[in-house]
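A short worksheet on the structure shown next.
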Amino acid sequence: MRAKNGFTLVELLVVIAIIGVLIALLLPAVQQAREAARRMSCNNNLKNLALGLHNHHDVFGELPAGGDHSGTGDRQMWGWGAHILPFVEQTSLYDQLRVSQQDLKVTLDNTTLRPLTQTKLDIFICPSDPGGHLMDGGKMNGGKGRRFNGQSSFSANFRVAKSNYIGVCGMFDVDHRRNNGALFRGSEMRFADITDGTSNTFLLGERNLRCAQGAWVGNRNVTGGGDQGADYTMGRVTKPVNHTNNSAHQCTEGFASQHPGGSLFAFVDGSVHFIADTIDYNNAGVDGNAQNGNDAPPSFNSNNLGTYQRLGARDDGAPVSDF
C-alpha cells in the first residue's frame with residue numbers, strides 16, 4: 001500500500017511558527033529601512049532650505065529675519081520660510097501671498113489669499129513627522145494653540161501649513177531682538193557676522209508634532225506667549241533636544257524630531273548633521289533675565305557653555321568640541 005504524501009498537523013504548526021518568527025525578525029528591519037529613507041529625505045530638505053537661505057544672502061547680502069518684527073502688538077508677521085520662497089522654486093506662491101508688499105496680517109485678512117497660507121510644501125515637511133500638512137499644537141502643548149487669527153475676524157481654529165524646520169535664534173528668548181543666533185526676530189545677519197565660523201553655527205533645526213510644529217509662513221503675534229509667538233518660526237538652544245516635557249516651554253521653544261536618539265540640524269555653511277540627545281549641554285553661562293524675555297543685550301560666559309549652546313551662538317568665541 002502506497003503512503004500518502006502531505007504534512008502532519010504538527011509539521012504544519014512548526015512551519016507556521018517558523019514563518020511567524022521570521023516575520024517578527026523582519027518587521028523591525030523593514031521599519032528601520034523606512035526610517036532611514038525618511039531621515040535621508042529630511043536631511044535633503046534641510047540642505048535645500050539652507051541652499052535657499054544662501055541664495056537669499058547672495059541676492060540681498062544678508063539672511064532673512066527669523067521672524068519679521070512687529071511693532072504694533074498682536075499682528076501676524078512673515079517668517080524666514082516665506083522670505084525664501086522664490087529661492088525654493090515657489091516664486092508664484094511668494095507673489096500671490098504678496099510677501100514683499102504687505103504684512104502677513106493683511107494677507108490673512110483677505111479671504112481670497114488666506115487659503116494660500118495652507119499650501120502644503122513638501123520641502124518644509126519631514127516625512128517622519130506624523131499628522132497632516134497643517135500645523136498642530138502638539139502633545140506637549142496639550143493640543144492647544146498654534147492658531148493664527150490674532151487681530152483678524154476669521155475663525156480662531158484656522159491653521160496654516162506646517163513646517164518641521166525652525167530657525168535657530170540663539171540662546172535667548174525666541175522673541176529677543178538682540179539674540180546671538182543666525183535667524184532671530186528682525187535679524188539681518190551676513191555671513192561675515194557669523195564670527196564663530198559658518199561650519200560651527202546652527203542655522204535650522206527640527207521640531208515635530210509632539211512638541212508643536214512650526215509654520216513656514218510666519219508667526220502670530222511675534223512677541224506673544226501662550227498659544228502664539230515667535231516660536232512658530234524660531235527655537236533656542238537653551239532648551240534641550242527632544243525634551244520630555246513642556247514646563248517653561250522646554251519643548252515648544254526648542255528642537256525635537258521623530259528620529260531615534262536626536263535631531264537633524266543644518267549649519268550656516270549648508271551642511272547637515274545629526275545632533276544626539278546626549279550632546280554636551282550647559283546653560284550655566286547664560287544671563288537668566290535676557291534668556292527669558294528681557295530685551296537687554298545678551299550676556300553669557302562662554303567658558304561655562306555646553307557644546308550645544310556654543311553651536312547655537314554665532315559669536316561666543318569658544319572652540320567647539322566633537323559633536
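Just a few scattered comments:
- Residue check for V174: crowded, with 24+ Cβ neighbours inside 10 Å, touching a helix residue (DSSP H, G or I) at 6+ places or on another chain (Cβ under 6 Å), within 27 Å of A296 (Cβ to Cβ) and modelled with pLDDT under 90: yes
- Selection from region 154-181 of residues that are assigned to a loop (DSSP other than H, G, I, E, B), aliphatic (A, V, I, L, M) and closer than 21 Å to N292 by Cβ: M171, V174
- Scanning region 3-11 finds no residues that are aliphatic (A, V, I, L, M), assigned to a helix (DSSP H, G or I) and either modelled with pLDDT under 65 or closer than 25 Å to F265 by Cα (or both).
- Filtered residues of region 65-83 (kept if in a loop (DSSP other than H, G, I, E, B) and buried (at least 18 other Cβ atoms within 10 Å of the Cβ)): A65, G66, D68, S70, R75
- Note on region 279-317: among residues that are in a helix (DSSP H, G or I) and either in contact with an Asp or Glu (Cβ under 6 Å, 6 or more places away or on another chain) or among the polar types (S, T, N, Q) (or both), the one that is surrounded by the fewest Cβ atoms within 10 Å (Cβ to Cβ) is N303.
- For region 272-292, filtered to residues that are modelled with pLDDT under 90 and small (G, A, S), the residue that is farthest from N180 (Cα to Cα) is A284.
- Subset of region 84-122 (residues that are under 22 Å from Q228 (Cα atoms), outside any loop (DSSP other than H, G, I, E, B) and touching a residue at least 40 places away in the same chain (Cβ under 8 Å)): L97, L104, K105, L108, D109, R114, T117, Q118
- Residue among L85, L104, L121 that is closer than 19 Å to H57 by Cα and within 21 Å of the chain's Cα centre (by Cα): L85
- Residue count, region 123-135 (criterion: under 24 Å from N157 (Cβ atoms) and in a helix (DSSP H, G or I)): 1
- Taking (1) at pLDDT below 95; (2) not in a helix (DSSP H, G or I) in turn, E62 satisfies each apart from (1).
- Boolean, L104 is crowded, with 18+ Cβ neighbours inside 10 Å and modelled with pLDDT under 95: yes
- Failed item in (1) within 23 Å of F158 (Cα to Cα); (2) out of contact with any helix residue (DSSP H, G or I) (no Cβ under 8 Å at 6 or more places or on another chain); (3) not aliphatic (A, V, I, L, M), with E89 passing the rest: (1)
- Inter-residue pairs, beta-carbon under 7 Å, first assigned to a loop (DSSP other than H, G, I, E, B) and in region 250-261, second acidic (D, E) and surrounded by 24 or more Cβ atoms within 10 Å (Cβ to Cβ), 6+ apart: T252/D231; E253/D231; F255/E206; A256/E206; S257/E206
- Just one of the listed residues (D269, D322) is in a loop (DSSP other than H, G, I, E, B), surrounded by fewer than 19 Cβ atoms within 10 Å (Cβ to Cβ) and at pLDDT below 90, namely D322.
- All positions within region 182-224 that are under 19 Å from A161 (Cβ atoms) and either surrounded by fewer than 24 Cβ atoms within 10 Å (Cβ to Cβ) or polar (S, T, N, Q) (or both): N208, L209, R210, Q213, N219, N221
The values are calculated or read from the model by the stated rules, or taken from the named source; none is laboratory data. Worth saying up front: this structure is predicted, and the values here are computed from it rather than measured. Positions of Cβ are backbone-derived with ideal geometry, glycine not excepted, and every protein chain shown enters the neighbour counts.
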